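Worksheet: the structure to be examined is printed underneath.
The values are calculated or read from the model by the stated rules, or taken from the named source; none is laboratory data. Since the model is a prediction, treat every value here as computed from it, not as a measurement. Reconstructed Cβ throughout: ideal geometry from the backbone, glycine too, with neighbour counts over all protein chains shown.
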Amino acid sequence: MSRILHAWFPGLVATMLVGACRPSPDESRRPAQADAAAPLAAADLAAIRGTDSAFATAAAAGDAAGMAAIYLADAWVLPPNAPAVQGRDAIQKLWGGLLDAYQVKIDVSADEVEGRGDLAYARGHYTLDGTPKAKGVPPLHDQGKFLEIFRRQADGTWRYAVDMYSSDLPAPAAK
C-alpha cells in the first residue's frame with residue numbers, strides 16, 4: 001500500500017497545485033479591470049456636450065421649463081452666494097427669475113468631460129450676458145467656471161444631477 005501511495009502521492013499533489021493556481025472559471029471570463037467600468041464612448045461624450053448646448057439654447061429662447069427639463073427630477077444647482085436649489089420645479093423657478101428679468105446669452109464650454117458607466121462629469125467655463133427687459137436695469141455680464149455631474153438615463157440621454165458654478169469676476173461692492 002505504501003508503494004502505491006508513494007507512486008500516486010506526487011502526482012496527486014502536483015495535480016492539486018496546478019488546479020489551485022488556475023483562475024476559477026468566473027475569474028477567467030472577467031476582464032483585467034473588472035471592477036472599473038469602461039471609459040465613456042465618443043457618442044456619450046458628444047451627448048454630454050450636447051446637454052450643455054441644449055441648456056444654452058433653452059436659455060437664449062427664454063425657456064426656463066426647457067432649461068429645467070435638462071436636469072434630473074431630484075437634481076441640485078449650487079449657485080454662488082445663494083442657498084442650494086433642489087428639484088426640477090425649484091430649478092425652473094431659479095432660472096425663470098433670471099429669464100423674467102433678462103434676455104440672456106450663455107456660452108458654455110466644457111474643458112474636460114470624463115465618466116464611467118452611467119455617471120460623468122464636466123469641468124469648464126462659461127460667459128453669460130443679459131440684456132435687461134425693463135428700463136433702468138443695468139445689463140448683466142458674468143464669466144466663470146462650472147462643474148457638472150451627469151447621469152445617463154435609460155433612453156441614453158444625459159441629464160444634470162448636480163450643477164455648480166461660480167464667477168471669476170470680483171464680487172460687487174456692498175451698497
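From the residues in the range 63-87 that are surrounded by fewer than 17 Cβ atoms within 10 Å (Cβ to Cβ), touching a strand residue (DSSP E or B) at 6+ places or on another chain (Cβ under 8 Å) and not in a strand (DSSP E or B), which one is modelled with the lowest pLDDT?
Only one residue tops the list, namely 80.
For residue 164, which of the numbered conditions (1) in contact with a His (Cβ under 8 Å, 6 or more places away or on another chain); (2) closer than 20 Å to residue 64 by Cβ fails to hold?
(1)
Among the numbered conditions (1) of a type in the set (Gly, Ala, Ser); (2) surrounded by 12 or more Cβ atoms within 10 Å (Cβ to Cβ); (3) more than 19 Å from residue 161 (Cα to Cα), tell me where residue 43 comes up short.
With respect to (1) of a type in the set (Gly, Ala, Ser); (2) surrounded by 12 or more Cβ atoms within 10 Å (Cβ to Cβ); (3) more than 19 Å from residue 161 (Cα to Cα), residue 43 is out only on (2).
From 174, 134, 154, which residue is under 13 Å from residue 72 (Cβ atoms) and among the aliphatic types (A, V, I, L, M)? Outline the logic, then answer.
On the way: 174 fails: under 13 Å from residue 72 (Cβ atoms); 134 fails: under 13 Å from residue 72 (Cβ atoms).
Residue meeting the stated conditions: 154.
Can you find a residue that is exposed (fewer than 12 other Cβ atoms within 10 Å of the Cβ) and modelled with pLDDT of 95 or more anywhere in the range 156-167?
Going through the range 156-167, the residues exposed (fewer than 12 other Cβ atoms within 10 Å of the Cβ) turn out to be 156.
Adding the requirement that they be modelled with pLDDT of 95 or more leaves none.
There is no residue in the range 156-167 that is exposed (fewer than 12 other Cβ atoms within 10 Å of the Cβ) and modelled with pLDDT of 95 or more.
Table: residues versus (1) outside any strand (DSSP E or B); (2) among the aromatic types (Phe, Trp, Tyr); (3) touching a helix residue (DSSP H, G or I) at 6+ places or on another chain (Cβ under 9 Å).
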| position | (1), (2), (3) |
| --- | --- |
| 128 | no, no, yes |
| 138 | yes, no, no |
| 143 | no, no, no |
| 151 | no, no, no |
| 155 | yes, no, no |
| 164 | no, no, no |
